[in-house]
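**Q** One structure coming up, written as structure tokens, with questions to follow.
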Amino acid sequence: MTKTNLARTLREPAELVAADLAPVTELPALERVAARYAVAITPALVELIDNSDPDDPIARQFVPTAAELEMQPGENADPIGDHPHSPVPGIVHRYPDRVLFKLVHVCAVYCRFCFRREMVGPGKENALSETAYRAAIDYIRAHHEIWEVILTGGDPLMLSPRRMSEIMADLAGIDHVKIVRLHTRVPVADPARISDEMVAALKVEGATTWVAVHANHARELTGPARAACARLVDAGIPLVSQSVLLRGVNDTVVTLSDLMRAFVECRIKPYYLHHGDLAPGTAHLRTTLAEGQALMRQLRGRVSGLCQPDYVIDIPGGAGKSPVGPNYVLAAQNTAPDAREADAETRYRIVDYCGDVHLYPPET
């Protein structure tokens, strides 16, 4: 097997070795990894991997390594606390006005940093049963505070257009559901799945559809991936991005800038840059918060405001996302001679992207 004649998704460590994506000496360790965490690399992504580069950023995201067998303190099989906020199977209700709806537990490709890596892939429950699906729909219908339903999993676009059309119709038929958002890697991992039939299935009367596209390196946005995204946008479906800050993948200002510009070129608004979650066996891919904040400060001065994502961390245990970007406002000072005066003016110290400090309002 070689990359040039690859026509199917690679799922076994031996297939990775045969495709020259991993050395044969690592096969025993990779088999231990694959016994615990799902492996799948689509032909579209295999073609992007530079076999001559031992630090290739695409391979780093998808090719398993023995480092995944090393657990660190604090790592957790449910790092963002889905389970405590799951009132019925398939639903995570962490925020008042929105829910996650986990339809399937399979993906086109399995990321080595995935925070749901213990829950997805072969051997796990592949999809909700019809009974569980109906119970989830009933839960959404009964909770009138739910304004947005976020389809996730797994990857919801692994479903057929016919099934996706049924799900979208069920959700749009609930009066208080106004937004249906899908989180997906399919436009990058398997662009051909974004067919005219799939695009039509996502358009529904009664609710607005948004799609969050996951990519972590500008090289992932190939010609076919860009065409898949364009089919969605041209159909009137707005796109936002999701990325994870990953050591050795996008943890320089150059690679991060290139990625965000590539999103905007594709008419995808940068949305979230996630700090790596404390999923088991992912420490080798995580940066520190300080490194992420420094990158965000550099990004602010380097690229257009259109290219600025929110740098967020999912607080372990289920407390939700929190912005953790750099703080540009420092301690305030009062400029009035007497702080008790009613017209006392507060002056702030504002830090620009170069690290210089300015008073606001400026001194006159």
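The values are calculated or read from the model by the stated rules, or taken from the named source; none is laboratory data. Given the structure is predicted, the values throughout are model-derived calculations rather than measurements. Cβ placement follows ideal geometry from the backbone for every residue including glycine, while neighbour counts extend to all protein chains displayed. For accessibility, only protein heavy atoms count, side chains too; no ligands or nucleic acids. Shrake-Rupley method; radii C 1.70, N 1.55, O 1.52, S 1.80 Å.
**Q** Inside region 70-90, can you point out the residues that are within 29 Å of A14 (Cβ to Cβ) and touching a helix residue (DSSP H, G or I) at 6+ places or on another chain (Cβ under 6 Å)?
**A** Correct list: Q72 only.
This table checks each residue for (1) open to solvent by less than 40 Å² (accessible area, probe 1.4 Å); (2) of a type in the set (D, E, K, R); (3) in a helix (DSSP H, G or I).
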| site | (1), (2), (3) |
| --- | --- |
| Y271 | no, no, no |
| G281 | yes, no, no |
| T287 | yes, no, no |
| Q298 | no, no, yes |
| A331 | no, no, no |
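**Q** Please return the ranges of helices (runs of 4 or more DSSP H) entirely within region 130-205 where 3 or more residues are farther than 24 Å from L48 by Cβ.
**A** Once the helices (runs of 4 or more DSSP H) in region 130-205 are filtered for at least 3 residues that are farther than 24 Å from L48 by Cβ, what remains is 130-142, 161-172, 196-202.
**Q** Does L16 satisfy the condition of being among the hydrophobic types (A, V, I, L, M, F, W, C), buried (at least 21 other Cβ atoms within 10 Å of the Cβ) and either out of contact with any Asp or Glu (no Cβ under 7 Å at 6 or more places or on another chain) or within 30 Å of G320 (Cβ to Cβ) (or both)?
**A** Yes.
**Q** Filter region 1-13 down to residues that are open to solvent by less than 40 Å² (accessible area, probe 1.4 Å) and at pLDDT 95 or above, then give me how many there are.
**A** Summing the residues that are open to solvent by less than 40 Å² (accessible area, probe 1.4 Å) and at pLDDT 95 or above in region 1-13 gives 3.
**Q** Continuing with this model, one more query. What pairs come out if I take residues in region 298-317 that are under 11 Å from P270 (Cα atoms) and pair them with residues that are at pLDDT below 95 and part of a loop (DSSP other than H, G, I, E, B) whose C-beta lies under 8 Å away, six or more apart or interchain?
**A** D310/G325; Y311/V324; Y311/G325
**Q** Then there's this: Which one of the conditions (1) part of a loop (DSSP other than H, G, I, E, B); (2) open to solvent by 40 Å² or more (accessible area, probe 1.4 Å); (3) among the charged types (D, E, K, R) does R116 fail to meet, given that it meets all the rest?
**A** (2)
**Q** Answer yes or no: is there a residue in region 140-158 that is farther than 19 Å from K203 by Cβ, without any contact (Cβ under 8 Å) to a residue 24 or more places away in the chain and open to solvent by 50 Å² or more (accessible area, probe 1.4 Å).
**A** Yes; the residues of region 140-158 include at least one that is farther than 19 Å from K203 by Cβ, without any contact (Cβ under 8 Å) to a residue 24 or more places away in the chain and open to solvent by 50 Å² or more (accessible area, probe 1.4 Å).
**Q** Check P84, P89 and return the single one that is open to solvent by 60 Å² or more (accessible area, probe 1.4 Å) and in a loop (DSSP other than H, G, I, E, B).
**A** Among P84, P89, only P89 is open to solvent by 60 Å² or more (accessible area, probe 1.4 Å) and in a loop (DSSP other than H, G, I, E, B).
**Q** Just the residues that are of a type in the set (S, T, Y) and under 25 Å from the mean Cα position of the chain (by Cα), please, taken from region 9-66.
**A** T9, Y37, T42, T65 - these are the residues of region 9-66 that are of a type in the set (S, T, Y) and under 25 Å from the mean Cα position of the chain (by Cα).
**Q** Moving to a separate point now. Within region 92-113, count every residue that is crowded, with 19+ Cβ neighbours inside 10 Å and charged (D, E, K, R).
**A** 2
**Q** Filter region 180-200 for residues that are in contact (Cβ under 8 Å) with a residue 40 or more places away in the chain and open to solvent by 10 Å² or more (accessible area, probe 1.4 Å); which is nearest to A230 (Cα to Cα)?
**A** My answer is P191.
**Q** For region 258-269, give me the residue count where each residue is crowded, with 19+ Cβ neighbours inside 10 Å and not in a strand (DSSP E or B).
**A** 5
**Q** How many residues does region 19-35 hold that are in contact (Cβ under 8 Å) with a residue 12 or more places away in the chain and either under 21 Å from R185 (Cβ atoms) or surrounded by fewer than 20 Cβ atoms within 10 Å (Cβ to Cβ) (or both)?
**A** The number of residues fulfilling the criteria is 10.
**Q** Then there is this: Please determine, by comparing only the residues of region 64-79 that are part of a loop (DSSP other than H, G, I, E, B) and open to solvent by less than 10 Å² (accessible area, probe 1.4 Å), which one is farthest from L278 (Cα to Cα).
**A** Restricting to residues being part of a loop (DSSP other than H, G, I, E, B) and open to solvent by less than 10 Å² (accessible area, probe 1.4 Å), the top hit is P64.
**Q** Could you check region 233-256 and list, in sequence order, the residues that are surrounded by fewer than 24 Cβ atoms within 10 Å (Cβ to Cβ) and in a helix (DSSP H, G or I)?
**A** V233, D234, V253, V254, T255 - these are the residues of region 233-256 that are surrounded by fewer than 24 Cβ atoms within 10 Å (Cβ to Cβ) and in a helix (DSSP H, G or I).
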